[in-house]
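Working notes for the structure below.
All of the numbers you see were taken from the coordinates with simple rules; none came from a lab. Worth saying up front: this structure is predicted, and the values here are computed from it rather than measured. Positions of Cβ are backbone-derived with ideal geometry, glycine not excepted, and every protein chain shown enters the neighbour counts.
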Amino acid sequence: MEREKHGQTARGMAKWTAHTAAPVIASPRLCGKTLIVADAGGSVYAFHALTGEERWRRADPVEDWREHGVPFSVTPAVWNEWLFVEAVGGLHILDLRSGEFVGELAHHGCPTVVGNLLLVHHVSGGVRAFGLPDLAPRWSRGWTGWLRASPTVHEHELAYAVLGFEEQRTHGGLLAFDPSTGDEVFRRRDAVERCPLSEGAEDWLIFSSVPAVVGEGLVWLPRDRGHDEGHRRENDDPAPWNDLEIVGLDPRTGVERRCHRLHSAHELYASGAIVVSDGTLYVGAALYEPPSRTEEPEESGALYAVDAASGTVRWSRRFGGAIAAAPVADGGTVYVASEQGEISALASATGRVLWNFEAGARISHPHALFEREPTDSYDQAGAAVVKGEETLYVRTDLGVVAFQVPAGRDETVERRGR
């Protein structure tokens, strides 16, 4: 695995910076020439995407966002000129153009728009579907334990919701359903199977708590393969206690069609959703030294590019800090953000670092900011980078930064080492 080499440092590339009253955890949402941003303190902003000019702001502040700001970590949903924003007391509907209050749904939760249907799901309150624009109830289900993120919808046919992980309650998994009717199509749960590395040991297979993605005809999710800790200690086995697998499931049946294991001397855990582009799977991972090697393992990050069909690792790139969220693949470039606030552009074919820049602040996960137990395993960080036309929008703990994307190969000259 190659360690990060810095390409051209992006100086003077910042187009504009907008500060918010609290950290931005939810994904910024680009709606034409307007960028919608929700911060953890209860404020929603509309910025001009090209200039950063604040068009409107609506505040629904909480007394202490570290304790009560979790609802505002959910990315707002958009339908025509309506903006759906989760708040403490319910789901607020705002006018996208002005920020004016339009109405409220008493059933608060994570909003997802599928055609002319609004889905609202809550960790413990189930799932409800409402018609648009009348907001008439269509169906409801008692499904609980979903991640606080929109389920993945594939061409308005089936939707795939990933479950969080909580001891004695939810042990991860995937639920596929028809969003138009609420009919369950299939469900995948965690499992136990024989360990392929240690005779007589068993592994616990747990789907990672990150959104699923559809591509190359399959539904993709990372999966932890946790090895028997007691068996490893008893046999003084130095191998990592957890391996990371990339699993491709049949979109109609949930049958496992692909399973690519990332072999490493480190413990690997997914740091975000998989990205599928041109036959390649891009997956960010958190790396830890095996417990047998260190008392206090430090986390670092790595990005893997894996052939979707064969599972061959085309390249991998290690970073000094943890990866903040799923990468973004666009054309021949993959963009990666670290929790320290560094954005790197890599050549998708080789993993070569083309350029990087500093966002000027950390890019945090909800777990690092909110005082919430035990349901923090359901919280999901929004995308760290949103790609617009020749612009990258980056959420940070201080607000949002818009960066100009360098044009042309002559602006991506690699500089060796440090």
### Query
Taking the highest mean first, how do the peptides 330-338, 312-320 order by number of other beta carbon atoms within 10 angstrom per residue?
330-338, 312-320
#### Entry: Pairwise label distance in nanometres, D134 with T181, each label 7 Å out on the Cα-Cβ vector
2.1
### Summary
By the mean-Cβ-within-10 Å protection proxy, highest first, 174-186, 346-358 rank as 346-358, 174-186
### Message
As an exercise, use a Förster radius of 30 Å and the Cβ-Cβ distance of A21 and S124 to find the FRET efficiency, rounded to the nearest 0.05.
### Response
0.55
### Task
Would you kindly state how much longer the chain becomes between L50 and R194 on full extension, computed as 0.36 nm times their sequence separation minus their alpha carbon distance, in nm to one decimal?
46.4 nm
### Query
Among 395-405, 118-128, what's the highest-first ranking by average C-beta atoms within 10 angstrom per residue?
395-405, 118-128
